Amino acid sequence: MKKIWSLKDVFLFFLIVILGFGVLTLVFFLIEASPFIISIVLDFGLFIIVCSTLWYFLKKNKISLDDFGFNDVSFKFFLLSFVLGIAVLFIGSYLTMSLSKLVGLGIDSDLSLFKDIIGEINWSKIYIFKLTVGILLPLAEEILFRGVLFRFIRGRKPFLFAAISSSLIFAIAHFSLMGFITFFLLGFACAYIFEKSKSIFYSFMVHGILNYMTINLFVMNMMLNSS
């Protein structure tokens, strides 16, 4: 895979994103907004920060969108993205449930967080949440973790090393003990399809499909429990 990032670029890219997101998070927690507003604004804010930072570095280093990974769409990889997204969801869920039974930990933390954010069933909130978590957030994270981090490591190391190391960092960055397995599998699947297709579009699809389906499952759970 073509080298387009230096160590300095990657360090500065992540530093800008972490500082920008950190300041945004601090501001919205200080003003004590509702969990829904905080979630939506933070996700949208991360999207803007990552895309703005990407635009700066692409211009600075004279990297085209095609070289970065925004290129042609293929039906083969489109279909593979859909399969991988579903596979990661079900395999990750199965392994997480098996692990939770083994160590005696609950697995409903993400569902509880979703309920705290949405509150009662509110379709307007759910559609907005799907937009941010199903589209904007996956695109921002794929640019950051596959387009920048994986791409940097892959330019210097074999695929397996780059995929495993970037997926570990991706999973750790989500600060979710019980979600670690699913996040790691997601990171690896996204790295794999990015490696094969050379397009960030398909890793975004895998990520977006998993997020979107997870939200639908959470909504179904809330509807069943409320009936």
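The values are calculated or read from the model by the stated rules, or taken from the named source; none is laboratory data. None of the values given here were measured: they were computed from a predicted structure. Every residue, glycine as well, gets a Cβ built from its backbone with ideal geometry; the counts of neighbours run over all protein chains shown.
Only a single criterion out of (1) touching a residue at least 40 places away in the same chain (Cβ under 8 Å); (2) in a helix (DSSP H, G or I) is not satisfied by ASN225, namely (1).
The numbered conditions (1) within 21 Å of the chain's Cα centre (by Cα); (2) in contact (Cβ under 8 Å) with a residue 40 or more places away in the chain; (3) under 26 Å from LYS8 (Cα atoms) are all true for SER52 except (2). Counting the residues of region 171-219 that are in contact with a helix residue (DSSP H, G or I) (Cβ under 6 Å, 6 or more places away or on another chain) and within 23 Å of ASP67 (Cα to Cα) gives 17. Name every residue in region 14-45 that is closer than 14 Å to VAL148 by Cβ and under 16 Å from the mean Cα position of the chain (by Cα), in order of residue number. Hits for region 14-45 are PHE14, VAL17, ILE18. Does ILE209 qualify as being of a type in the set (Val, Ile, Thr) and either touching a Pro at 6+ places or on another chain (Cβ under 6 Å) or closer than 21 Å to ILE153 by Cα (or both)? For ILE209, the condition - of a type in the set (Val, Ile, Thr) and either touching a Pro at 6+ places or on another chain (Cβ under 6 Å) or closer than 21 Å to ILE153 by Cα (or both) - is not met.
Looking across region 57-74 at every residue that is part of a helix (DSSP H, G or I) and touching a residue at least 40 places away in the same chain (Cβ under 8 Å), the one that is nearest to ILE135 (Cα to Cα) is identified as PHE68.
All of ASP43, ASP116 fail the test of being acidic (Asp, Glu) and surrounded by 13 or more Cβ atoms within 10 Å (Cβ to Cβ), apart from ASP43.
Restricting region 174-212 to residues that are at pLDDT below 95 and aliphatic (A, V, I, L, M), the residue that is surrounded by the most Cβ atoms within 10 Å (Cβ to Cβ) is ILE181.
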